[in-house]
Amino acid sequence: MLAAMAAEEVPDAVVRWFRSHIDEIEGSIEFTRIAGGRSNLTYRVTDEAGHAWALRRPPLGGVLETAHDMRREWRFLAALNPTEVPVPTPRAFCDDHDVWGADLYVMDFAPGRVLNDTESGAEVPEAARTVVGTSTIDVLAALHHVEPAEVGLDDLARPGNFVARQLKRWHRQAHSSAMEDLSALDAAHDALAARVPEGAVGIVHGDFRPGNIAYAPDGQAVAVFDWELATIGDPLCDLGHLLVSWTEPGDTVPEALPSPTPAGGYPTRAELVARYTAATGTGDVDVSYYLAFARWRAACIHAGVWTRYRAGDMGADADPDEVTGPEAIILQAETALAELGG
């Protein structure tokens, strides 16, 4: 869904910069903000000939520490564009803050269906649902086959254990939120910290799920976007993140992330794991740990989103039904602890 934004709301400097960096523009151009708003802002830019691009810039307020680094996003897109990982083609980067007050970049607009909720998943023809699952996991395996050093991203690696750093980071973010009862988040954190896996090192998308992928009508994944959390770390964190967004019919565990798969007809989580391990050569995977970690991390992120919503930093048009509240956050943390056997 697109939320309309009048062209005059985009500064003239942005239009001038855009025209000076994109050669094939024909006629006037129009900027339309894509609905969302919890993360970096995305605008669909179209001209009179029907060409389409996407412009990305940081949100206007209430940003998380270390987040919304547009240059980092751009680096991952540019590095992965020549590989087998399907990403939108990056077109131009702007670090002149006189243009729009922040770094921004433009990439080709990725056509296709984005499966970001139950309704969109139910609209997928049954014949295409298996392909959605297999192509999604195949893209994840392709991403994790890319060696950071081979695409110039190895300088982003940090010493020490990635999961341990993530536990520290998101625990700190949770404690800086407006959540009053942090006992469940603390208990899950302590259980996760007590058995941190050694983990491999590779490219991590950070938010890999069907809601950040464009799919062709036949179910093939054609573009992965929203690289704002991308990093170098334990690739299995991406697998866990995907699995907590992959609901199966009859699940009693609440979804941690919006899921398109409750309608059925999609591969099971076990089938995704088996296909991933076969494609990557990964040995036995402690799936319960990475599921619990992804669920706990999502709960911490939701705590930050809820805090920004309560403070009014998400704008007057923010939908309260799309904001996970304290009770659901606590339930996610309790579920993560249970998945660890706690």
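Details
- Candidate set from the range 1-14 (those that are modelled with pLDDT under 95 and surrounded by 16 or more Cβ atoms within 10 Å (Cβ to Cβ)); member that is nearest to the chain's Cα centre (by Cα): Met5
- Residue list for the range 210-223, restricted to those being surrounded by fewer than 24 Cβ atoms within 10 Å (Cβ to Cβ) and within 10 Å of the chain's Cα centre (by Cα): Gly211, Asn212
- Single unsatisfied condition, Pro159 versus (1) at pLDDT below 95; (2) in contact with a strand residue (DSSP E or B) (Cβ under 7 Å, 6 or more places away or on another chain): (2)
- Condition check for Asp69: at pLDDT below 95, more than 26 Å from Thr231 (Cα to Cα) and not assigned by TED's automatic domain parsing to the domain that holds Thr307: no
- Filter result for Thr277 (over 21 Å from Leu182 (Cβ atoms), among the β-branched types (Val, Ile, Thr) and loosely packed, with under 14 Cβ neighbours inside 10 Å): no
- Taking residues in the range 118-144 that are aliphatic (A, V, I, L, M), and partners anywhere that are surrounded by fewer than 18 Cβ atoms within 10 Å (Cβ to Cβ) and assigned to a helix (DSSP H, G or I), the pairs with Cβ atoms closer than 6 Å and at least 6 places apart or on different chains are Ala141/Ala279.
- The set of residues in the range 123-153 that are surrounded by fewer than 15 Cβ atoms within 10 Å (Cβ to Cβ) and over 21 Å from the mean Cα position of the chain (by Cα) comprises Glu123, Pro125, Glu126, Ala127, Thr130, Ala149, Glu150, Gly152.
Results for (1) among the charged types (D, E, K, R); (2) modelled with pLDDT under 95; (3) surrounded by fewer than 16 Cβ atoms within 10 Å (Cβ to Cβ); (4) within 17 Å of the chain's Cα centre (by Cα), shown as yes or no for each residue.
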site: Thr231; (1), (2), (3), (4): no, no, no, yes
site: Cys237; (1), (2), (3), (4): no, no, no, yes
site: Ala263; (1), (2), (3), (4): no, yes, no, no
site: Phe293; (1), (2), (3), (4): no, no, no, yes
site: Trp306; (1), (2), (3), (4): no, yes, no, no
site: Ala311; (1), (2), (3), (4): no, yes, yes, no
site: Glu322; (1), (2), (3), (4): yes, yes, yes, yes
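- Any chance Ala328 is within 22 Å of Val124 (Cα to Cα), out of contact with any helix residue (DSSP H, G or I) (no Cβ under 6 Å at 6 or more places or on another chain) and of a type in the set (A, V, I, L, M, F, W, C): no
Condition check ((1) out of contact with any helix residue (DSSP H, G or I) (no Cβ under 6 Å at 6 or more places or on another chain); (2) of a type in the set (Phe, Trp, Tyr)) across all residues:
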site: Thr252; (1), (2): yes, no
site: Arg269; (1), (2): no, no
site: Ala279; (1), (2): no, no
site: Trp296; (1), (2): no, yes
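- Qualifying positions in the range 103-122 - surrounded by fewer than 21 Cβ atoms within 10 Å (Cβ to Cβ), among the acidic types (Asp, Glu) and over 17 Å from the mean Cα position of the chain (by Cα): Asp108, Glu119
- Test: residue in the range 37-60 that is farther than 21 Å from Gly211 by Cβ and modelled with pLDDT under 95: yes
- Scope the range 245-261; condition over 21 Å from the mean Cα position of the chain (by Cα) and either of a type in the set (S, T, N, Q) or crowded, with 17+ Cβ neighbours inside 10 Å (or both); matching residues: Thr252
The values are calculated or read from the model by the stated rules, or taken from the named source; none is laboratory data. The structure presented is a predicted model; accordingly, all values stated were derived computationally and were not measured. Every residue, glycine among them, receives a Cβ derived from its backbone with ideal geometry; neighbour counts consider all protein chains shown.
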